[in-house]
1. Among the listed pairs Lys39/Lys91; Lys135/Lys211; Lys91/Lys229; Lys157/Lys251, which have their C-alpha atoms separated by more than 31 angstrom in this model?
2. Applying a 10 Å radius around every beta-carbon, put 130-136, 97-103 in order of their mean neighbour count, most first.
3. State whether the stretch 1-63 is rounded, prolate or oblate according to the following rule on the C-alpha gyration tensor (a ≥ b ≥ c being the square roots of its eigenvalues): a/c under 1.5 gives rounded; otherwise a/b larger than b/c gives prolate, and the remaining case gives oblate.
4. Can you find, among Ile38, Asn4, Ile258, the residue sitting farthest towards the positive end of the charge dipole of the chain, where Lys and Arg contribute +1 and Asp and Glu -1 at Cβ?
5. In the set [x] 16.3; [y] 14.9; [z] 22.5, which value of mean projected area of the Cα convex hull in nm² was calculated from the structure you see?
6. Let's see if you can work this out: charge +1 on each Lys and Arg Cβ, -1 on each Asp and Glu Cβ, no other charges. What is the dipole magnitude of the chain about its Cα centre, in debye to the nearest 20?
7. What is the antiparallel percent of DSSP beta bridges lying wholly in the chain, to the nearest 5?
8. Positive end of the charge dipole of the chain (Lys, Arg +1 and Asp, Glu -1 on Cβ, about the Cα centre): tell me which of Val97, Ser154, Ile77 has its Cα farthest that way.
Amino acid sequence: MIVNMNQLRSFYTAAKMNSITKAAQSLMVTPPAITMHIKRFEENIGVRLIVRDGNSIRLTGAGEGVMQRAEQIFQEIHEMEGYLEDVSSGKSGDLHVGCPEAPLRNLMPLIETFKKTFPGVRIILDQGSNAEMVKSIVDHRNELAVVRYSPNNSKLKTKVLWQHDIVLIASPNSVHWPGYEISVMQLSQIPLVIKREGSAAREVVLEYLRKFKVTPLIAVESASTGLLKEFVRQDSGIGFIQRGAVEEELKDGRLRLIQIIEGFPVIEDGIAYANRRELSPAAWAFLRLIDTSWPFKS
């Protein structure tokens, strides 16, 4: 049996208000329309639900049971309406965001600020290499992702938020380069520790070296920044790592900074998305928060 929701709503409202007239006023229809809805509802199910008693109404036993179920139904509808309103305004729902390992420290304050404004939105954080994050947007696995800014990528739109040096570091007593300064031209003879293929930092470093026609001697590759720092500390080579990831080690002397005469390579990161028209309200809210509040104060 298919329930006519208009008929059920007329019955429910009349029963709740104990009045046909008040139900008509609440639903902004005429009293005869309410009476007709209830009559057809009773005819459809073959059971009497309401008995008129002067100016009021009285529920039959079957009417009491239908009223209890109807109350549950319309409470759920009310909750659904509130949920949909929150979703449409970006106040609730899921937001899938991707981020590689290195930029995560920059993304977290942004997420914390967003969560304070939209506590009902659940952030689902996905991690991987820069190449994997780019693919995650193209494949619609993530709506937003932190990626390296690339003006040649026509598939994505990127809002640049951060710019960082990728510094050259060594073990304090490195046998590969004991000095504190080096020319980029000398790097072809020294074993290097860098991020594995797919990493934005690797792309930037290799592009930087190609600019000077330097062919790197890559000794160690890893997706893990922590492992790269450990390989450098053990003097497996000297390494290119984003400055923010090694500040503590440089400060306490566990690693040593080597200045590059020609300057360090620079990486630009930002929030990327495929098509703004296809973004969810939560993703829209995330981008609007960046537009209106960036830079965030931690």
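Readers should treat all values here as calculations from the given coordinates under stated rules, not as data from a laboratory. In this text the structure is predicted, and so the values were computed from the model without any measurement. Here the Cβ is made from the backbone with ideal geometry for all residues, glycine too, and neighbour counts use every protein chain on show.
1. On the way: Lys39/Lys91 41 Å; Lys135/Lys211 27 Å; Lys91/Lys229 40 Å; Lys157/Lys251 37 Å.
Cα-Cα > 31 Å for Lys39/Lys91; Lys91/Lys229; Lys157/Lys251; rest within.
2. On the way: 130-136: 21.7, 97-103: 23.6.
For the peptides 130-136, 97-103, the packing ranking is 97-103, 130-136.
3. On the way: a/c = 1.90, a/b = 1.19, b/c = 1.60.
Oblate, since a/c reaches 1.5 and b/c is not below a/b.
4. The residue sitting most towards the positive pole is Ile38.
5. Among [x] 16.3; [y] 14.9; [z] 22.5, the one derived from this structure is [z].
6. Working: 36 positive and 34 negative charges, 142 e Å.
For this selection, approximately 680 debye.
7. Working: 23 of 42 bridges.
Counting only bridges with both partners in the chain, antiparallel ones make up about 55 percent.
8. Ile77
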